[in-house]
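Okay, so here's the structure we're looking at.
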Ligand code: FAD
């Protein structure tokens with residue numbers, strides 16, 4: 001037996017790339033298997049809170065963030081029609097001082113591209129859609145849709161909200177459709193053809209909202225994302241097209257600032273919002289889940305990717321120096337360290353009240369996955 005375990009990561013998304021980036025830096029033997037043909041720059045805007053930035057900093061990406069992202073001084077919550085002020089979450093230098101890392105707003109594609117750079121290209125195998133996993137001795141055989149296979153000492157399912165690894169581990173799960181959809185897009189701010197608008201704002205309506213923010217340092221690209229009731233649509237996909245006329249109708253009566261943003265937007269995507277309950281566990285022997293594969297959440301706290309990044313940092317720490325024989329216990333330490341936090345964020349996000357009345361945000365933004373104590377394995381029954 002070699003002392004160095006062979007780690008297979010399924011999915012080159014935000015969590016999978018971050019994990020592989022850390023493992024490669026630790027000198028581990030890691031390969032990512034990704035179903036896509038090549039790296040795809042998908043998605044729209046993304047918020048990276050201080051808890052996410054601690055992880056990105058450890059991967060050497062802080063200077064990229066400062067070059068590519070917008071640095072907000074505050075986040076403002078307003079009433080949908082009058083624009084009345086509800087609360088501010090203060091960011092900028094204050095956040096940096098308080099939590100040791102800044103808050104950034106950026107294009108998801110820039111984040112993904114930055115993470116992609118932290119992994120050697122030779123470690124990513126494309127067009128490898130995972131189909132099945134078989135336990136062989138202490139390890140695992142991976143079977144792919146193209147008929148090929150591979151072997152590893154540990155498999156990490158970072159394969160997103162429709163995770164095949166989760167399905168293999170825990171059985172098929174029927175998520176609950178919230179009856180709501182998110183419309184979102186990024187477009188050039190020059191299309192507004194006028195004065196600057198109020199950005200970094202969440203506009204709260206009675207049963208719907210819209211979030212608007214810039215995603216570049218110069219604020220020359222603008223992002224919005226809604227949450228709107230729409231029981232007729234249930235497709236969770238980054239690429240499904242939306243209809244701007246439908247969005248404008250859905251946001252009738254919202255403040256003029258919102259109307260200007262919607263009027264200038266040429267197109268949007270549409271993503272159905274599903275709910276899933278926190279899992280009681282997500283590892284089994286040499287197989288574990290990470291990110292949306294184990295704790296998919298509504299986007300209302302902007303914490304899904306942040307928590308995938310936290311998972312990656314904690315899992316890499318648990319795996320550091322672990323021998324082939326020690327892999328299963330490293331995965332259990334990871335689960336024990338992460339389970340309560342991710343469940344709390346998942347359940348808080350579901351409520352969709354984050355920041356509306358201000359309140360203490362330090363339990364979310366003050367978490368540092370690079371230094372948080374690693375817990376011991378929990379005693380638990382087999383899956
Ligand atoms: P993903 O990034 O989805 O990656 C999964 C990867 O696995 C993909 O590359 C996929 O191709 C691959 N894959 C899937 N199945 C297989 C298979 N069988 N074999 C091989 N490869 C496979 N989070 C934030 O932190 N801040 C925000 O502001 C924010 N805003 C959001 C707004 C909206 C509207 C939504 C819907 C989400 C938002 N999120 C936000 C959440 C965030 O996008 C996700 O939590 C994050 O992308 C999860 O990362 P991941 O690595 O777990 O999965």
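The values are calculated or read from the model by the stated rules, or taken from the named source; none is laboratory data. For clarity, every value in this text was computed on a predicted model and none was experimentally measured. Every residue, glycine among them, receives a Cβ derived from its backbone with ideal geometry; neighbour counts consider all protein chains shown.
Where helices (runs of 4 or more DSSP H) sit wholly within segment 1-89, those with at least 1 residues that are closer than 20 Å to residue 324 by Cα and modelled with pLDDT of 95 or more occupy 14-25. Filtering segment 144-178 to residues that are in a strand (DSSP E or B), more than 13 Å from the ligand (Cβ to nearest atom) and under 26 Å from the mean Cα position of the chain (by Cα) leaves 152, 154, 176, 177.
When you look at residue 157, is it buried (at least 17 other Cβ atoms within 10 Å of the Cβ), within 17 Å of residue 128 (Cα to Cα) and modelled with pLDDT of 95 or more, yes or no? It is true that residue 157 is buried (at least 17 other Cβ atoms within 10 Å of the Cβ), within 17 Å of residue 128 (Cα to Cα) and modelled with pLDDT of 95 or more.
Among the residues in segment 125-143, are any without any contact (Cβ under 8 Å) to a residue 12 or more places away in the chain, farther than 19 Å from residue 324 by Cβ and within 14 Å of the ligand (Cβ to nearest atom)? For segment 125-143, residues without any contact (Cβ under 8 Å) to a residue 12 or more places away in the chain, farther than 19 Å from residue 324 by Cβ and within 14 Å of the ligand (Cβ to nearest atom): absent.
Could you tell me which residue of segment 103-137 is farthest from residue 224 (Cα to Cα), considering only residues that are touching a strand residue (DSSP E or B) at 6+ places or on another chain (Cβ under 7 Å) and in a helix (DSSP H, G or I)? Looking at the filtered set, the residue picked out is 123.
Given the condition in a strand (DSSP E or B), touching a helix residue (DSSP H, G or I) at 6+ places or on another chain (Cβ under 6 Å) and buried (at least 19 other Cβ atoms within 10 Å of the Cβ), answer yes or no: does some residue in segment 264-283 qualify? For segment 264-283, residues in a strand (DSSP E or B), touching a helix residue (DSSP H, G or I) at 6+ places or on another chain (Cβ under 6 Å) and buried (at least 19 other Cβ atoms within 10 Å of the Cβ): present. For segment 49-58, the criterion of a residue being more than 15 Å from the ligand (Cβ to nearest atom) and either within 14 Å of residue 308 (Cβ to Cβ) or surrounded by fewer than 24 Cβ atoms within 10 Å (Cβ to Cβ) (or both) is satisfied by at least one position.
In the set (1) over 20 Å from the mean Cα position of the chain (by Cα); (2) touching a residue at least 60 places away in the same chain (Cβ under 8 Å); (3) more than 30 Å from residue 136 (Cα to Cα), residue 305 fails one condition alone, (1). Residues that are within 12 Å of residue 180 (Cα to Cα) and more than 16 Å from the ligand (Cβ to nearest atom) were ranked within segment 227-259; the one that is surrounded by the fewest Cβ atoms within 10 Å (Cβ to Cβ) is 232.
One residue stands out among those in segment 265-290 that are over 20 Å from residue 328 (Cβ atoms) and out of contact with any strand residue (DSSP E or B) (no Cβ under 7 Å at 6 or more places or on another chain): the one that is farthest from the ligand (Cβ to nearest atom), which is 277. Tell me, yes or no, whether segment 207-225 has at least one residue that is within 30 Å of residue 155 (Cβ to Cβ), under 25 Å from the mean Cα position of the chain (by Cα), touching a residue at least 24 places away in the same chain (Cβ under 8 Å) and surrounded by fewer than 19 Cβ atoms within 10 Å (Cβ to Cβ). No.
Residues of segment 131-153 that are in contact with a helix residue (DSSP H, G or I) (Cβ under 7 Å, 6 or more places away or on another chain) and over 15 Å from residue 287 (Cα atoms): none at all. Can you tell me which residue is nearest to residue 311 (Cα to Cα) among those in segment 1-35 that are near the ligand (Cβ under 8 Å from one of its atoms) and out of contact with any helix residue (DSSP H, G or I) (no Cβ under 8 Å at 6 or more places or on another chain)? Across segment 1-35, the extreme among qualifying residues is 33. The residues listed here are 91, 70; of these, the one that is within 24 Å of residue 218 (Cα to Cα), surrounded by 16 or more Cβ atoms within 10 Å (Cβ to Cβ), free of Cβ contacts under 8 Å to residues at least 40 places away in the same chain and within 15 Å of the ligand (Cβ to nearest atom) is 91.
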